[in-house]
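Here is the structure we will look at.
The values are calculated or read from the model by the stated rules, or taken from the named source; none is laboratory data. All values derive from a computational prediction rather than experimental measurement. A quick note on method: Cβ atoms are made from the backbone with ideal geometry, for glycine too, and the neighbour counts reach across all protein chains shown. Ligands, DNA and RNA are stripped out before the accessible areas are found, and what is left, the full protein with its side chains, is counted by its heavy atoms. Shrake-Rupley method; radii C 1.70, N 1.55, O 1.52, S 1.80 Å.
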Amino acid sequence: MVDDRLRTPGAVRDAERFTAHNYHPLPVVITSAEGAWLTDVDGRRYLDCLAGYSALNFGHRHPGLIAAAHAQLDRLTLTSRAFIHDQFADFCRELAELCGKDLVLPMNTGAEAVETGIKVARKWGYQVKGVPAGQANIVVAEGNFHGRTTTIVSFSTDEDARADFGPYTPGFTVVPYGDLDALAAAIDENTVAVLLEPIQGEQGVVVPPEGYLPGVRRVCTERNVLLVADEIQSGLGRTGTTFACEHEGVVPDMYLLGKALGGGIVPVSAVAANADVLGVLKPGQHGSTFGGNPLACAVATEVVRLLATGEFQRRSAELGERLHAGLQSLVGKGLVAVRGRGLWAGLDIDPTLMTGRQACERLMERGVLAKDTHGSTLRLAPPLVITAEEIDHAVAQLAAVLAG
Ligand SMILES: *Cc1c(COP(=O)(O)O)cnc(C)c1O
C-alpha cells in the first residue's frame, strides 16, 4: 500500500526535475479546489489567501463561470479574429460599459494588455498628439510590476526581473511612485503616457499618498498625456470597487485589465479606452490569435456580469475592513506595518522574527496559503467569496505564526 503522506514529496521532486526554476513554489501539490479552499494530493485542505495573484477573485470554480465555460466548450472554442463569433459582441459591449469606455481590445495575458497599452499610447502620440517620429516617451513608476516581456522588464526597477535581459527598450522614464512633483517634472513635450498601477501589488500592496492619483490625472490632462491605469491586479473588485482608481474618483484614459477577467479559468486580458484613443489602431496593426476567442469571451462576459451586480465589490469592501482590523491588531505583535484596500493587504513582518518565505511556510503548515514578496513582506489577497469566519481563521493562524 502506498503511504498517502509520501505523495507530496514525490510530486514536489518531479515538478522541479523537468522545469526551469523561474519560480520557487511552496512545497504543496494542489489537486482540487472550491471557493476559497484548496485540497492537496494528500487530502489536506488550505485556505487560499493568494487567489492566483487576484486571478481567482470569484473563487475556485465559481458555478456560474464553470457553467459558462462548459456550455461554450460544447459549442465553439476558437475562430481567430479573422471571423466574428457570437460571443464577441456581448463581451466587448458589456466590458466597455463596465469600464465606462467606448471600446475594448481583448488580448490574453496581462503583459499583452500592457504591451497593447504601450503601442496604442505611442501611436496616439504620433498620430494625434503630433510627437516627432521615434521620440515618444512614457513615464512609469519605481517599484512597478507590469509583466515579463522584454519591453516591460526594460523599465522595471527590480533587478531580479531586469538584469541580463538587455538590450533594453528605450522610451521610458522612471520616477518615484507617489511623488507628483517628480512625475510632473519628468513629463516633456514628447510624453505620450503615464503608466501606473493605482496600487502597486507586487511591490507589497503599496497605496500611494492620498491625492496622488487625482494629481496625476490633473497633470496628464493639462499636458495632453494619456493616463494608463494598470488595473490588472487591483481591478475587478479586489479593492472594494470595480477599479482601484475609483477610490479617489480618478478616471484614466486607458484601463489595462487581466487576471480576474478570465475567472480563473482562461487567460483573458483587455484594454479599454475611448474611440479617440483606441481608434488609432487599424486592421493589421495589432492582434492576437487567441485574443477574444469564444471560450474566453463566454467566461469573461460572465465575469463582467458578476461584477455588474456590485456584490463582489461590496464583499471586498466590507470583509476588507474585517481583514484590515484583524491585521492591524497584530502590528507590534510581529507585524511592523499593514497596507492595502479591500481584501488586499501587504504586511511587513518584523524582519528579526522571520522572512516572508518562512512565514508562508509556517502558514502552509497551518493550512493557509499566502505568498511573500520582497524579503519580509507578505501579501494577502483571498478570493472575494471568503467568509468573515474564514478571514478570522486566517488572521488567527497568522497571529500564531508570528507568536512563534
Ligand atoms: C500580473 C500583472 C501583470 C502581468 O500579467 P500576466 O498575465 O502575468 O502577464 C501586469 N500588471 C500587473 C499590475 C500585474 O499584477
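Things to note:
- Surface exposure of the chain, expressed per residue as accessible area with a 1.4 Å probe, stands at 43 Å².
- Value of [θ]222 nm, deg cm²/dmol, for the chain, DSSP H segments ≥ 4, -39500 (n - 2.57) each, nearest 500: -10500 deg cm²/dmol
- Over segment 242-314, relative contact order from alpha-carbon pairs under 8 Å, at least 6 apart, %: 31
- Dipole in debye (nearest 20) - segment 1-99, about Cα centre, beta carbon charges: Lys, Arg +1; Asp, Glu -1: 200
- For the chain, alpha-carbon Rg relative to the globular expectation (2.2 N^0.38 Å, N residues): 0.99
- Label point 7 Å beyond Cα of Thr221 along Cβ direction - residues of segment 185-202 with amide nitrogen under 19 Å: 185, 187, 192-196, 198
- Leading residue at positive end of dipole, the chain (Cβ point charges), from His21, Met254, His286: His286
- Charge context of Glu34, other residues only, Cβ under 12 angstrom, K/R +1, D/E -1: +1
- In the chain, taking the dipole from charged Cβ atoms about the Cα centre, the farthest positive-side position among Ile265, Tyr53, Cys220 is held by Ile265.
- Accessible surface of the chain, 1.4 Å probe, proportion on carbon and sulfur as whole %: 53
- Positive-pole candidate from Val139, Met107, Pro176, dipole of segment 76-308, charges at beta carbon: Met107
- Candidates Pro63, Pro383, Pro252: whichever shows maximal mean-square fluctuation once the chain is modelled as a Gaussian network with Cα springs under 10 Å: Pro63
- Ligands, DNA and RNA aside, Lys333 has an accessible area near 140 Å² when probed at 1.4 Å.
- Angle in degrees between helix 294-308 and the longest Cα principal axis of the chain, rounded to the nearest 10: 80
- When +1 charges are put on Lys and Arg Cβ atoms and -1 charges on Asp and Glu Cβ atoms, the dipole computed for the chain relative to its Cα centre reaches about 460 debye.
- Spatially, segment 335-395 and segment 234-313 are offset by 27 Å when compared through their Cα centroids.
- Cut-off 16 Å, label 7 Å out along Cα→Cβ of Leu78, residues of segment 279-299 by amide N: 288-298
- Filtered GluC sites (Glu not before Pro), segment 162-267: DSSP coil and at most 16 other beta carbons within 10 Å: Glu189, Glu210
- Dipole magnitude of segment 76-308 about its Cα centre (Cβ charges: Lys, Arg +1; Asp, Glu -1), debye to nearest 20: 680
- His393 accessible area, 1.4 Å probe, all protein chains in place, Å² to nearest 10: 70
- All aspartates and glutamates inside 12 Å of Lys101 as judged from Cα atoms, apart from same-chain residues fewer than 8 positions distant: Asp253, Asp276
- For the set Lys129/Lys282; Lys259/Lys282; Lys119/Lys282, the pairs lying more than 24 angstrom apart at their alpha carbons are Lys259/Lys282.
- Nearest-ten-degree value, helix 388-402 long axis tilted from longest Cα axis of the chain: 70
- Degrees separating the helix 212-222 axis from the principal Cα axis of the chain, which is the longest one: 10
- Max mean-square fluctuation residue, GNM over the chain, Cα-Cα springs under 10 Å, options Ser154, Ser54, Ser316: Ser154
- For Gly340, nonlocal amide neighbours, meaning residues 5 or more places apart or on other chains whose placed amide H falls under 5 Å from its own, are Val207, Gly346.
- Of Val299, Val174, Val140, the one that fluctuates the most in a GNM where the chain has Cα springs shorter than 10 Å: Val174
- 10 Å Cβ shell holding at most 15 others, DSSP loop, chymotrypsin sites (Phe, Trp or Tyr not before Pro): longest site-free stretch of the chain: 169-404
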